[in-house]
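A quick write-up on the structure given underneath.
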Number of protein chains: 2
Amino acid sequence: MPTSKHAAPDRDNPTVRRSPCPVACALDLFGDRWTLLIIRDLILGRRRFKEFAESPEGIPTNILSNRLERLLNGGVVRQIPADKGSKRLAYELTEKGLALRPILLTIRDWGLQWEPETKAGMERGD
Amino acid sequence: MPTSKHAAPDRDNPTVRRSPCPVACALDLFGDRWTLLIIRDLILGRRRFKEFAESPEGIPTNILSNRLERLLNGGVVRQIPADKGSKRLAYELTEKGLALRPILLTIRDWGLQWEPETKAGMERGD
DNA sequence: AAAAATACTTGCTTTTTGCAAGTTATCTGA
DNA sequence: TCAGATAACTTGCAAAAAGCAAGTATTTTT
């Protein structure tokens, strides 16, 4: 579990909400430039810190640490052993996290339709 | 058209993209804590600067200015006269902006289902 | 012609980001 | 088994963005 002494401003406190609006609450959790890209990677089958860090957008590792912690606290991902018997950890989506899939697919579809120079790449386009 | 001398870092440059991924490109445009709340307000029929500023989340007005400018540049909103013959401006979604509606609805549904203490409020739940 | 409201802009402080470098724990194979 | 090699972070610091209060320039209203 990543734990930095810098990690715990309001953004990382899941009890601080700007309003009771479901959209606002959702954005309190994943409304930033990186979090949904980690979710995208998880949906695509990536599971390890290094794999997320190697995605083409180039997330800084301190941000990655912070976002994984936030997602853990938010119940969106959980940690599992990277290999049977290994002490290394991997990440996987919880049920709550898997439920984000329709959001990602909708965003992808919008991007493909409205943003030029955009290319598919998220398989399982159902 | 809001034009501040502080407005034009990379985030506001629509040609700077982190990757060709449609999700990443979409997040380059609206991946932050505020933009989708403005879109939500527009979908709910709010049209004026003041109305956006009065939403319960309390967006700072300089951020609101910046995000409206970004959305204008991104082709997501356009300006129209606030009333027939008025010189005051209002904002409305373009076709590209209206296409964001499914994203907002999906996020709202996720929030309602998975975030406790969340309340509906986005009418027209189709 | 004031007064009020609207739509921003500015200045300043705080928070977050991004990058490079460092650290610790785990693993691999000679 | 033990010396790299790799993985998974953490830290420090400069730069960017956010947030807040206050100010300003246009309408609009009275």
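Please treat every number below as a calculation from the coordinates, not as lab data. Please read all numbers here as calculations on a predicted model, not as lab measurements. So basically every Cβ, Gly included, is an ideal-geometry build from the backbone, and we count neighbours across all protein chains shown.
The fraction of Cα-Cα pairs per 5 angstrom bin, counted from 0 for the stretch B:33-114, comes to 3, 14, 26, 25, 19, 9, 3, 1, 0, 0 percent, rounded to whole percents.
Starting from the Kirkwood Rh over alpha-carbon pairs, what translational D in µm² s⁻¹ does the protein assembly as shown have by Stokes-Einstein at 25 °C and 0.890 mPa s?
129 µm²/s
Using a 10 Å cut-off on Cβ to Cβ distances, tally the other chain neighbours for every residue of A:98-105 and report the average as a whole number.
4
Label-point spacing at A:GLY121 relative to the other copies reads 3.5 nm, in ascending order, each point sitting 7 Å out from Cα along Cα→Cβ. Dipole size of the protein assembly as shown about its Cα centre, with +1 on Lys/Arg Cβ and -1 on Asp/Glu Cβ: approximately 280 debye, rounded to the nearest 20.
Here the chain A residue lying nearest the rotation axis onto B, judged by its C-beta and given with the distance in whole angstrom, is A:THR106, 2.
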